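Colleague: The following block contains the structure, expressed as structure tokens.
No lab work stands behind these numbers, since they all come straight from the coordinates. Note that this is a predicted model, so its numbers are computed, not measured. As a convention, Cβ positions derive from the backbone with ideal geometry for all residues, glycine included, and neighbour counts pool all protein chains shown.
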Ligand code: SF4
């Protein structure tokens with residue numbers, strides 16, 4: 001099972017991850033990031049990996 005981790009001290013809520021994978025990430029009106037998936041489905045993993053790489057703050061990781 002793979003999960004998404006976020007370092008909230010690094011996240012600046014710029015929505016790059018949400019644009020890359022809206023199935024997995026949502027930044028709300030109060031600039032809070034929500035991880036929408038409890039686990040990363042293999043079919044979605046490439047997209048989530050792109051979102052992780054898109055984060056300019058390197059705040060995201062996938063752990064297996
Ligand atoms: S791309 Fe990174 S900094 Fe931007 S909202 Fe997502 S986790 Fe936060």
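Colleague: How far apart, in nanometres, would the label points at residue 50 and residue 64 be if each is projected 7 angstrom from Cα along the Cα-to-Cβ direction?
Modeller: Distance between label points: 2.2 nm.
Colleague: Taking one equal scatterer on every alpha-carbon of the range 9-64, how large is log10 of I(q)/I(0) by Debye at q = 0.12, 0.20, 0.23, 0.25 1/Å?
Modeller: -0.23, -0.65, -0.86, -1.02
Colleague: Could I have the simple spin-label model distance between residue 2 and residue 36, label points 7 Å from Cα toward Cβ, reported in nm to one decimal?
Modeller: 1.8
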